[in-house]
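Here is the structure we will look at.
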Amino acid sequence: MLIIIGLILAFVLVLIFSNRRTRNCRWREDRAQDVGGARYYRCMACGGEAFTTNGKPPLDCQRKPSEM
Ligand SMILES: [Zn+2]
(Lines give C-alpha, C1' and ligand atoms only; values in the text may rest on other atoms or scores of the structure.)
Protein backbone atom coordinates (compact mmCIF):
# COMPACT_ATOMS: atom_id res chain seq x y z
CA MET A 1 0.00 0.00 0.00
CA LEU A 2 2.81 2.40 0.84
CA ILE A 3 4.43 1.65 -2.51
CA ILE A 4 1.26 2.65 -4.36
CA ILE A 5 0.98 5.88 -2.39
CA GLY A 6 4.63 6.61 -3.10
CA LEU A 7 4.14 6.05 -6.82
CA ILE A 8 1.13 8.35 -6.90
CA LEU A 9 3.02 10.98 -4.95
CA ALA A 10 5.97 10.78 -7.33
CA PHE A 11 3.63 11.05 -10.30
CA VAL A 12 1.96 14.15 -8.85
CA LEU A 13 5.33 15.72 -8.12
CA VAL A 14 6.48 15.13 -11.70
CA LEU A 15 3.32 16.79 -12.97
CA ILE A 16 3.82 19.78 -10.69
CA PHE A 17 7.45 20.25 -11.65
CA SER A 18 6.83 19.78 -15.37
CA ASN A 19 4.11 22.42 -15.19
CA ARG A 20 6.26 24.76 -13.16
CA ARG A 21 8.90 24.55 -15.87
CA THR A 22 6.74 26.55 -18.28
CA ARG A 23 4.30 28.23 -15.93
CA ASN A 24 6.19 31.53 -15.79
CA CYS A 25 6.82 31.75 -19.49
CA ARG A 26 5.12 34.63 -21.23
CA TRP A 27 5.44 34.30 -24.97
CA ARG A 28 5.16 37.47 -26.92
CA GLU A 29 5.10 37.45 -30.70
CA ASP A 30 7.26 39.85 -32.65
CA ARG A 31 6.05 40.22 -36.22
CA ALA A 32 9.20 42.09 -37.19
CA GLN A 33 11.27 38.94 -36.59
CA ASP A 34 9.05 36.52 -38.47
CA VAL A 35 10.84 34.31 -40.97
CA GLY A 36 8.72 33.10 -43.86
CA GLY A 37 5.64 31.38 -42.48
CA ALA A 38 7.17 30.91 -39.05
CA ARG A 39 6.14 33.23 -36.28
CA TYR A 40 8.73 34.53 -33.89
CA TYR A 41 8.08 34.34 -30.16
CA ARG A 42 10.14 35.62 -27.30
CA CYS A 43 9.67 34.57 -23.70
CA MET A 44 9.34 37.59 -21.45
CA ALA A 45 10.10 35.52 -18.36
CA CYS A 46 13.38 33.91 -19.35
CA GLY A 47 14.38 35.46 -22.67
CA GLY A 48 13.94 32.25 -24.66
CA GLU A 49 13.27 32.55 -28.36
CA ALA A 50 11.31 30.21 -30.60
CA PHE A 51 9.57 29.95 -33.95
CA THR A 52 6.23 28.29 -34.48
CA THR A 53 4.31 27.65 -37.66
CA ASN A 54 0.84 27.11 -36.18
CA GLY A 55 0.36 30.67 -34.95
CA LYS A 56 0.42 29.63 -31.30
CA PRO A 57 3.09 30.25 -28.67
CA PRO A 58 5.46 27.37 -27.95
CA LEU A 59 4.41 24.91 -25.26
CA ASP A 60 7.85 24.48 -23.79
CA CYS A 61 10.25 27.08 -22.61
CA GLN A 62 13.06 27.58 -25.12
CA ARG A 63 15.41 29.08 -22.61
CA LYS A 64 19.02 29.07 -23.71
CA PRO A 65 21.36 27.19 -21.37
CA SER A 66 23.76 30.13 -21.41
CA GLU A 67 21.13 32.44 -19.94
CA MET A 68 20.22 30.29 -16.98
ZN1 LIG B 1 10.51 30.91 -20.77
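The values are calculated or read from the model by the stated rules, or taken from the named source; none is laboratory data. Not measured: the values here are computed from a predicted model. With ideal geometry, Cβ positions are generated from the backbone for all residues, glycine too; neighbour counts draw on all protein chains shown. Quick note on the areas: whole protein, heavy atoms, side chains included, nothing else; ligands and nucleic acids left out. Shrake-Rupley method; radii C 1.70, N 1.55, O 1.52, S 1.80 Å.
Using the Cβ of V35 as centre and a radius below 14 Å, the other residues enclosed give a net charge of -1, where K and R count +1 and D and E count -1. Computed with a 1.4 Å probe on the full set of protein chains, the accessible area for R63 sits at about 110 Å².
Could you compute the FRET efficiency for T52 and V14, with r as their C-beta to C-beta distance and R0 at 35 Å, rounded to 0.05?
Numbers: r = 25 Å, r/R0 = 0.73.
Here the calculated transfer efficiency is 0.85.
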